[in-house]
1. Spelling out what I want: for every residue of the range 212-220, take phi, set θ = phi - 60°, compute 6.51 cos²θ - 1.76 cosθ + 1.60 (Karplus), and round to whole Hz; glycine and proline get x.
2. Using a Förster distance of 35 Å, how high is the FRET efficiency between Ala105 and Ala208, based on the Cβ-Cβ distance and rounded to 0.05?
3. Order by neighbour count: Cys211, Cys70, fewest other Cβ atoms within 10 Å first, most last.
4. Add +1 for every Lys or Arg and -1 for every Asp or Glu among the other residues with Cβ under 13 Å from the Cβ of Asp46, and state the total.
Amino acid sequence: MSDITYQERRGQIENYFDRTAAAAWAKLTSDAPVGRIRASVRAGRDQMRATLLSWLPSDLHGARILDAGCGTGALAVEAARRGAEVVGIDLSPTLVDLARTRLPADVAHRIDLRSGDMLDPRLGTFDHVVAMDSIIHYQTEDAVAALAQLAERTTCSMVFTFAPRTPLLAAMISVGRLFPRGDRAPWLEPMAEERITALMAATPALNAWQCGRSQRISSGFYKSQAMEWSR
């Protein structure tokens, strides 16, 4: 991984979600009425979250899960309700603070929310890692390298999403750049599934891992693909 590339992009993402778009993101992840574009993104994210959760065991008692890029904590809450002990981490302290205010009392004791880098080894080891829309801003090589670092501390599975490289998505990204910055995510980096798979096969730290399920979600301006890796 290029430390300069990863670190620079990480700083840009933190600035965007913690300052530029914090209010818009808080509204998007709530039940508040939103416009047509944001409504399609909300619906897509809800469907993607349900997909990733469906790939985890239905009973997570005794399991430790990393919600990498936890945002406002919706996925962490659902995993905790299945019995998991969840560490949720996000680059944006503002979103993490909001997530804390939204924690239901019945599962708050199972969720440890932090702001920081999902690759921090001090977070410890996990049975499962979920990275929903948290590597979509990185180049493919950096994204796979980040997943490889997480794999070294994961015993069972990793499920993550990426922006699929399609002509339609490329056109939509170009159109999306015309909207106010508060209405769009920054620096999306479309990826080809074949390239991800090839890089995985060429990465020694991932030799013990294999690709599992893959599913694409398309909802208006939300275009994302889920992928499963397991030991």
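Values quoted throughout were computed directly from the atomic coordinates according to the rules given, and no laboratory measurement underlies them. All values derive from a computational prediction rather than experimental measurement. Please note: Cβ atoms are built from the backbone with ideal geometry, for glycine as well, and neighbour counts cover all protein chains shown.
1. x, 6, 9, 8, 9, 10, 10, 9, x
2. Details: r = 39 Å, r/R0 = 1.13.
Using R0 = 35 Å, I get an efficiency of 0.35.
3. Details: Cys211 15, Cys70 29.
Going from sparsest to densest Cβ surroundings: Cys211, Cys70.
4. Values: positive: Arg38, Arg42, Arg45, Arg49; negative: Asp31, Glu78, Asp133.
Net of charged neighbours comes to +1.
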